[in-house]
Amino acid sequence: MFQSTSSKTAPAQSLPVYRSADFVVIDGANLDDPLSFAAELLLDDVYELRYAIQPSRLSLNAKLETKFTIADDSEIGSVGAENHLDSALTLMSPDGQITDAIVLVEVDETGGINDIYLLPLAPLSYKTNYSLVGNNTDTAAHTFAQMACVSFSSGTHITLNSGEQRPIELLKIGDRVLTRDDGPQKVRWIRQSTHRAVGDFAPICIKAGTLNNDNDLIVSPDHRLFIYQRSDELGAGRSELLVKARHLLNGDTIVTQDGGFVDYFQLLFDSHQIIYAEGIAAESMLIDTRTKPVLPADLSKKLGDVIPGHSNLPHAGLDVHEKLLDRPDAEELLRRASSRRT
């Protein structure tokens, strides 16, 4: 069992989900039934999304490899209740478009089902038929881990120990990258993957100059940026902050790049690090119960279940709540803070 060695918690994962009752079989063996867990699903059943329904935010804290608890900022579900990654689904619309999705099951203290949620990895549309063509209970954790990994897009310049700004796709294992806390650190592993840039999973672009960056910085939505405040102008109660990119969206200088595909890269070090990407301090990959399934089997076995520098969550407690950033001058405050030494 992979778990933290301390009482600290990793940042909650925010997911756009539908309740099972919002996704109902309109043709097939389970006619009129809502989405259920893997054992009750039948291939070729056709589903439709309930009229005008919008996804709700389900926020999860990592607990065990395929179990999570509902965080206190979740819009739905019972705070503290366990959620299980049940299965990975493949849905196909009449035009042949494939949409991947994950089924999560919320349970009560006795193990009874409270609710079932559908997490689509691309937006679903009303008045569209979705045939269930795949149902896999073995790949849910890996699929979820791909979403949970913080990622930089191709072309992102990473600061090396020498001061060189090297595009991330040209980095190699063993290259020494400048870190904020531990000086030069060797890259232990690099992962590249390509994803559809759609919906809540589309990358976020921080345009050049927004946070004193010379070039655009494009990252995954839950990627956290590090900000140091000389004075606590945001009211966070501390000088060191980690801010999720999705919480900075303003429709102008920080925007979602929706459409097409995006090439993502994850950088792994021996410990969770704050590195410099396009001059902005940003986190590297954190191995926890959400992300560990993406590691190659040999590396995962070598690292073991408790990984110093990751399992002890060295940057826990620095996350800024989204509400503190809901102010018109938030971007300017962070821009001024990021111009100072971080």
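The values are calculated or read from the model by the stated rules, or taken from the named source; none is laboratory data. Since this is a predicted model, take the numbers as computed values, not measurements. Backbone-built Cβ (ideal geometry, glycine too); neighbour counts: all protein chains shown. Accessible surface is based on the protein model in full, side chains and every heavy atom, while ligands, DNA and RNA are left aside. Shrake-Rupley method; radii C 1.70, N 1.55, O 1.52, S 1.80 Å.
A few remarks follow.
- Label sites at Ser154 and Lys127, each approximated as a point 7 angstrom past Cα along Cα to Cβ, lie 3.7 nm apart.
- Accessible surface, 1.4 Å probe, highest first, among residues Thr110, Thr69: Thr110, Thr69
- When all protein chains stay in place and ligands, DNA and RNA are ignored, the 1.4 Å accessible-area order of Lys127, Lys301, largest first, is Lys301, Lys127.
- Rounded to the nearest 10 square angstrom, Arg166 shows an accessible area of 50 square angstrom against a 1.4 Å probe.
- Here the spin labels are modelled as points 7 Å beyond Cα on the Cα-Cβ line, and at Leu43 and Lys323 they lie 4.8 nm apart.
- Its relative contact order, with pairs defined as Cα atoms under 8 Å and 6+ residues apart, puts the range 80-230 at 17 percent.
- The chain: C-alpha pair distances exceeding 37 Å, %: 19 percent
- Shape call, the range 161-263: gyration tensor on alpha carbons, a/c limit 1.5: oblate
- For the chain: relative contact order, % (alpha-carbon pairs under 8 angstrom, 6 or more apart): 18 percent
- Glu331 - accessible surface, heavy atoms, 1.4 Å probe, Å² rounded to 10: 60 Å²
- Extended-chain gain in nm, criterion 0.36 nm per residue less alpha-carbon gap, Phe261 and Gln54: 72.2 nm
- Of the residues Met285, Met92, ranked by 1.4 Å probe accessible area with the largest first, the sequence reads Met92, Met285.
- Pair Ile76, Glu109: separation of 7 Å Cα→Cβ label points (nm): 2.5 nm
- Theoretical gain in end-to-end length, Arg191 to Asn212 [0.36 nm per residue, Cα-Cα removed]: 4.8 nm
- When you restrict to C-alpha pairs under 8 Å that are six or more residues apart and normalise by the size of the range 136-195, the relative contact order lands at 21 percent.
- 1.4 Å probe accessible area per residue over the chain, in Å²: 44 Å²
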